[in-house]
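> This is the structure I have questions about; it appears just below.
The values are calculated or read from the model by the stated rules, or taken from the named source; none is laboratory data. Predicted model, so just to flag it, every value in this text is computed and none were measured. Glycine gets a Cβ as well: all are built from the backbone with ideal geometry, and neighbour counts include every protein chain shown. Each accessible area value is taken on the protein alone, full model and side chains, heavy atoms only, with ligands, DNA and RNA left out. Shrake-Rupley method; radii C 1.70, N 1.55, O 1.52, S 1.80 Å.
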Amino acid sequence: MQGMMIGLEEVFFDFCILGNFHLAPLLVFFWSPALRAYRRIQRNLAVITKVFSVFPQVLSETGSAKCSRSMRIPTERGLQTNIADMFIAGSETTASSIRWCVLFLLCHPEIQEKLQA
């Protein structure tokens, strides 16, 4: 799990390096830092995708993914994508919130002391 989180953090960092290369993706091959970032993203996304590919199988084996006839039955790929989206969005949001809280407490030691008490 920790390795996946580190890979996810690298993906976010590398997306910042790539910036607007999505407008002209072939230019990535002419600037070595962008090419390295692109290759790291591909490698990390493959690992992350592999991790999330297990969840739909587990759900179908346990019977948790069964739906009634009136509900739309999600595909295995759809379940995998939804789980990955929720996990990635939730982990980034949580990490960002914690960073801001720590920064706030560093700037306001009197409030930090109240919390510790």
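> Note down all Cβ pairs under 7 Å where the first residue falls in the range 26-38 and is touching a residue at least 12 places away in the same chain (Cβ under 8 Å) and within 15 Å of F13 (Cβ to Cβ), the second is aromatic (F, W, Y) and open to solvent by 30 Å² or more (accessible area, probe 1.4 Å), and they're at least six residues apart or on different chains.
The qualifying pairs are A34/F21.
> While we're on this one: If I go through the range 76-96 residue by residue, how many of them are of a type outside the set (S, T, N, Q) and under 10 Å from the mean Cα position of the chain (by Cα)? Break it down stepwise before answering.
Of the range 76-96, the ones of a type outside the set (S, T, N, Q) are 76-79, 83-90, 92, 95.
Those left that are additionally under 10 Å from the mean Cα position of the chain (by Cα): 84-90, 92.
Summing the residues that are of a type outside the set (S, T, N, Q) and under 10 Å from the mean Cα position of the chain (by Cα) in the range 76-96 gives 8.
> Whether any residue in the range 14-30 is within 26 Å of L79 (Cβ to Cβ), assigned to a helix (DSSP H, G or I) and in contact with a Ser or Thr (Cβ under 9 Å, 6 or more places away or on another chain) is what I want to check.
Applying the first criterion (within 26 Å of L79 (Cβ to Cβ)) to the range 14-30 yields 15.
With the extra rule that they be assigned to a helix (DSSP H, G or I), the set shrinks to 15.
If we keep only those that are in contact with a Ser or Thr (Cβ under 9 Å, 6 or more places away or on another chain) too, we end up with none.
Looking for residues that are within 26 Å of L79 (Cβ to Cβ), assigned to a helix (DSSP H, G or I) and in contact with a Ser or Thr (Cβ under 9 Å, 6 or more places away or on another chain), one finds none in the range 14-30, hence no.
> Please enumerate the residues belonging to the range 1-43 that are small (G, A, S) and in contact with an Asp or Glu (Cβ under 8 Å, 6 or more places away or on another chain). Show your work before the answer.
Residues of the range 1-43 that are small (G, A, S), as a first pass: 3, 7, 19, 24, 32, 34, 37.
Of everything in the range 1-43, just one residue is small (G, A, S) and in contact with an Asp or Glu (Cβ under 8 Å, 6 or more places away or on another chain), namely A37.
Residue by residue, here is whether (1) modelled with pLDDT of 80 or more; (2) hydrophobic (A, V, I, L, M, F, W, C); (3) not in a helix (DSSP H, G or I) holds:
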| residue | (1), (2), (3) |
| --- | --- |
| T49 | no, no, no |
| L79 | no, yes, no |
| E92 | no, no, no |
| S96 | yes, no, no |
